[in-house]
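Working notes, structure below.
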Amino acid sequence: VIVSITIGVTRKSDETWTSGAIDYSPPEPKKAVDLSPLLAADPDFSRAVFEDFAYQLYAQAHRVRSDPDKLVALQPYLSQRVMDHLSVRGQAPTQVVIGTLAIERYNPPGDAHQIVVYVEATHHTSPPVYAVETWTFVRAAGTVSKPPVRARTWPCPNCGAPWQAAAERKCQHCGEDVQIGRFDWCVDWIAVRSEDKAKASLTGTVEEVGNDFPTVKSPDWSEQLAAIAKDDPEVTFDAFLQRVRLIYRRLNDAWNANDLGLVRGFVTTALRTSLQYWLDEYQHQGLRNQLTDAEIGHIDPAKVTRDKYFDAITVRIRASGCDFTTENDKLVGGSRTAKRDYTEYWTFIRSSSRRGKITTEPACPNCGAPIEISDTGDCTHCNAAVETGEFDWLLSKIEQDDNYAG
Ligand SMILES: [Zn+2]
Ligand SMILES: [Zn+2]
């Protein structure tokens, strides 16, 4: 929602404010990253599972970067040059808040598959640092994906035993040589695009770009949706739309209340963190952003994908609201009274093995009790892990018109 508008603010700021003139022109439409050669070679590959792995590895590697013992515990997943690079990035942050993580490029093998991941994050050091990086993951041709794990540890990628540091990258349990990417994805290169002590100001008003762009539709969306409905007749587009609207309302309420507790059980942990990234940044600058009188209008299907672990549905939402930013209640951006229209692409995921009714009320999708989530992400009534996507559709991504590639 608003978050995405603010993402627009910072992105555009590079191009307008540094030049001192309003000479911004929309970027070339992005090309969708084509992962089909990877999926053909490895039908177990799941984009959502990979992104979660990348997300956790990024945060963990930065959190331990100045402690050689802890950093070396990640040895199977980081090349030596990556560990060397991280160890000189300075005092480790106490917290890493990832604002954006996206697959930017995929190169088919040669010897190895290569995925370049773009990350924007706040590293909570003092003062905080805003980092924009690309991480290049490699995995040998011929390897296949492992099943996802919920509680992430960093074991030997061959035998699963706890990793013990070894100069030769040899697992002390199975004796295998864990060379870069031989058994699982490993970061081989990090490029730092920028590392700043301050972020662009979030005040001012940025024109909405792309409302009039045609919806980017994947040609097989209806076929794929029908395939999901065939496996689970409870999945109807109508019920799904009701859940989209429910999550839209929850998200706006949470944003306006500055309390993301309200979206727990409705969005993925990664997306919640990304929302927190922006709430923190407003607060850090002494600002507050709100979207009032928000209403969702039309919802268009855009893309449906299925992989071994997750089904994903992307819709384009058309909505409007009064988007404004205040500093001590004084208006410093947007308008409290003039509604503005905006459109965004929202992606929802659900476990591909799930069968069952779509929850269209704020209730646990497993036991039906009013939704209430524990610190570890479980329903406080039935302990179902409702923030994993195992039970119902969760919002996992919000993308802008000028950023969405399909
Ligand atoms: Zn091993
Ligand atoms: Zn429950």
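Expressed in whole Å with the largest first, what are the equivalent ellipsoid semi-axes of region 94-232 derived from the C-alpha gyration tensor as the square root of 5 times each eigenvalue?
Gyration-tensor ellipsoid for region 94-232: 34, 27, 15 Å.
Once Lys and Arg get +1 and Asp and Glu get -1 on their Cβ, which of 158, 206, 144 lies farthest toward the positive end of the dipole of region 141-218?
Comparing the listed Cα positions along the dipole, 158 ranks first.
Express the Stokes-Einstein translational diffusion coefficient of the chain in µm² s⁻¹, to the nearest whole number, given a Kirkwood radius over alpha-carbon pairs, 37 °C and a viscosity of 0.692 mPa s.
The estimated diffusion coefficient comes to 146 µm²/s.
Taking C-beta distances below 4.7 angstrom as the pairing criterion, name the unpartnered cysteines of the chain, in sequence order.
Result for the chain is 186, 322, no neighbouring Cys Cβ within the cutoff.
Can you tell me the relative contact order of the chain? Whole percent, Cα pairs under 8 Å, sequence separation 6 or more.
So the answer I get is 16 percent.
How large is the Rg to Rh ratio of region 79-148 when both quantities use alpha carbon positions and Rh follows Kirkwood?
Ratio value, two decimals: 1.05.
At residue 40 and residue 153, where each label point lies 7 Å from the Cα along Cα→Cβ, what is the point-to-point distance in nanometres?
Going from the residue 40 label point to the residue 153 one covers 3.8 nm.
Quick one: of 146/308; 31/308; 217/303; 31/303; 357/397; 303/397, which pairs are farther than 18 Å apart, Cα to Cα?
Long pairs (Cα-Cα over 18 Å): 31/308; 357/397.
If each Cα of region 251-301 is one equal point scatterer, what is log10 of I(q)/I(0) from the Debye formula at q = 0.20, 0.27 Å⁻¹?
Once normalised to I(0) and log-transformed, intensities are -0.77, -1.08.
Could you pull the Rg and Dmax for region 290-355, using just the Cα atoms, both in Å?
16.9, 50
FYI, it's all coordinate maths here, none of it is from the lab. This one's a predicted model, so the numbers in the text were calculated from it and none came from an experiment. All Cβ positions, even for glycine, are placed from backbone atoms using ideal geometry, and neighbour counts span all protein chains on display.
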